[in-house]
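To keep things clear, I will list the structure first and then write my remarks on it.
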Amino acid sequence: MTTVLIVDDEPLIRRGLRAVVDAEDDLEVIGEATDGTEVVPFARRHRPDVVLMDVRMPRIDGIRATELLLAAFDEPPRVLVVTTFENDEYVYDALRAGASGFLLKRAGPEQVVEAIRVVARGESLLFPAAIRSMAGNHIGTPRVRRWSLTEREEEVLRLVAQGASNLEIAETLFITVETVKTHVSNVLAKLGVRDRLQAVIEAYETGFIATR
Amino acid sequence: MKPARLVLRPLGSATWRRWVYLVLGGAVFTPFLGVGAYPSLLAWGSGTGAIAAAIAGGTALMAGAIALTATLEAVRQLEVVAAKQLLRGPLVAELIPSSVSGADRVRAGTFFALHLVCGGLVGAGTIVVLPSGVTFLLGAIGVADLSGESPWQGQPPVIMALVGLGCLVTFAYGTAGLGALMSWAAPRLLGRSSTARLAEMERVTGELSERNRLARDLHDSVGHALSVVAVQAGAARKLIDADPEFARESLAAVEAAASQALADLDGALATLRDEGPPGRRRTLTDIDSLVSQSAAAGLVIDTELTGPITSLPEPLSSDAVMVVQEALGNALRHAGPVPVTLRIAVEGDVVRLSVSNPLPTEPAAPRPSGGRGLRWMAERARSHGGTIDAQAVDGQWTLEATMRVDA
């Protein structure tokens, strides 16, 4: 059973999301919070697997709450940012802060529950085009790159940024999925990031991949 | 490599283009010179005093004639075209005002006079210095024979070569220097005045912040309401069989949120239409019209204004009036047609706004909102180095805002 905490200042959004999530057999909403201040204390007591996090909230917003949450636990809950607009600068900041992905509020119930399952498995929810455009809007001059990859790893990182799965990468590069996994974890280690999403953000922000 | 390029650059094509521009000025200068020389011609052969007076009078006459020509609008436009094509430089990127004030004309006239003087110098150089240089060089190699009375007669060829080179170098760099001077002066004297630049900048910033505000309003209100619609409708679709009662409630929420979104959209579009051309934003000078509008909507407003509220800078004044508008709107939305106390005071560089109204007697119907207006007002106040404070005391809701002029 995957446990879920819903954080949103709008009661009607919480109510709708809760109904959608609770209707699934493998998912359960164990709590609701109206803004970022309640997230860490709640997570300490109830250890949710996934936090559905609104970005724009009074007092502590979703970005800060994500940062606090990730700093407070060794094995923090997965954060899924829930947003009204795709091109919201706050969303990008929340992703940089370590969220595992984002979800549009206008996405249907099926996508909502699927997204929760994806991040609960420990995978990132990548929308390559959206991340690229957000990064493009966000980045001024690229940061200095403090890492270097082998040629193979560079290829893998480029494919990851395009949203390719391990299987797709394996098929593209004519290598086994196991080898892809090794490359990916080497890339994550070299970049000093936690997951694929963070790796893609790092790739854009250091200019390793151009945003336009 | 680099120093060489620096030395050679003044000899590039830009200088020759500018030379054309300058000798044009020199050519235009010639008739004025004729006018200026005429009194001296009349006084020719008279005493020194008369000649001196004639020179002074001639110079004044010439300056007057130039000044008269310089202020012609056609001359300004001609100068702009000629300078853009031949001088190039920073003027090319400059926005040239199509209608000009008296001060602009004086600046353009100054540029015209400068063009004539620099052009005269370069013209004279072209007629005198350039051929002299060539003659000296030819003399140095024995091709040309310098005239008999010349003190240069019989000088060693090295001296003549140096003098010849000196003439050419002086001419080239002099032309380049005067060309650069004109090119530097062009945007300053033909471009917009600093006042116009400032006004333009203020207009653009104002328009931008206005657009940002509208974008934020739409984002906050309509975006928010439609999110509720999407989430609730999705939930209703999913649960309509399993839990019809839940689905019914969801649809009621969808209905409420959708009509709220329409109302907000209506408001935003009305703002867009009312905005009119840029530069006509509502400021505190329009407070009376705002108050009478709100009174027409049912509020009974007791207004007290102290201090020089009409002399505040535009961006601050405009934001202040929008905060008041939002507060009055809130009072109307939440409490209905009630008496409202509005206080606006300017003390030194601090603006204090206070809007106070009785709390609604019965709790407001739940609606998808959540202090968005308040958040927006706080942002406006913060951008002017101030704060917002809103609280309910003794059945009275009071919103207080401060803003600073210099922030």
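The values are calculated or read from the model by the stated rules, or taken from the named source; none is laboratory data. Everything numeric here is computed off the predicted structure, so don't read it as measured data. Using ideal geometry, Cβ is built from the backbone for each residue, glycine included, and neighbour counts are taken over all protein chains shown. In case anyone asks, the SASA skips ligands and DNA or RNA and just uses the protein heavy atoms, side chains included. Shrake-Rupley method; radii C 1.70, N 1.55, O 1.52, S 1.80 Å.
Report every pair of residues separated by at least 6 positions or lying on different chains whose Cβ atoms are under 7 Å apart, first residue within the range B:251-266 and more than 11 Å from chain A (Cβ to nearest Cβ), second open to solvent by 60 Å² or more (accessible area, probe 1.4 Å) and assigned to a helix (DSSP H, G or I).
From residues that are more than 11 Å from chain A (Cβ to nearest Cβ), the pairs are B:A261/B:L226.
Taking the stated definitions as given, is A:V187 touching a Pro at 6+ places or on another chain (Cβ under 8 Å), part of a helix (DSSP H, G or I), away from chain B (no Cβ under 14 Å) and not polar (S, T, N, Q)?
It is false that A:V187 is touching a Pro at 6+ places or on another chain (Cβ under 8 Å), part of a helix (DSSP H, G or I), away from chain B (no Cβ under 14 Å) and not polar (S, T, N, Q).
Under the condition of being surrounded by 18 or more Cβ atoms within 10 Å (Cβ to Cβ) and closer than 18 Å to A:S148 by Cβ, which residue from the range A:179-192 is farthest from the chain's Cα centre (by Cα)?
Out of the qualifying residues, it is A:H183.
Could you go through the range B:197-204 and let me know if any residue there is open to solvent by less than 20 Å² (accessible area, probe 1.4 Å), at pLDDT below 75, more than 11 Å from every other protein chain (Cβ to nearest Cβ) and part of a helix (DSSP H, G or I).
no
Name the residue, out of B:L218, B:L226, that is within 11 Å of chain A (Cβ to nearest Cβ), touching a residue at least 40 places away in the same chain (Cβ under 8 Å) and either surrounded by fewer than 20 Cβ atoms within 10 Å (Cβ to Cβ) or under 30 Å from B:S318 (Cβ atoms) (or both).
None of the other options fit; the residue is B:L218.
Please state which of the following conditions B:C118 fails to meet, knowing it meets all the rest: (1) under 22 Å from the mean Cα position of the chain (by Cα); (2) open to solvent by less than 40 Å² (accessible area, probe 1.4 Å).
Among (1) under 22 Å from the mean Cα position of the chain (by Cα); (2) open to solvent by less than 40 Å² (accessible area, probe 1.4 Å), the lone unmet condition for B:C118 is (1).
Can we say A:R152 is open to solvent by 60 Å² or more (accessible area, probe 1.4 Å), at pLDDT 85 or above and assigned to a helix (DSSP H, G or I)?
So A:R152 passes the test.
Taking into account only those residues within the range B:229-250 that are more than 7 Å from chain A (Cβ to nearest Cβ) and under 52 Å from the mean Cα position of the chain (by Cα), which is nearest to B:E379 (Cα to Cα)?
Only one residue fits best here, namely B:V229.
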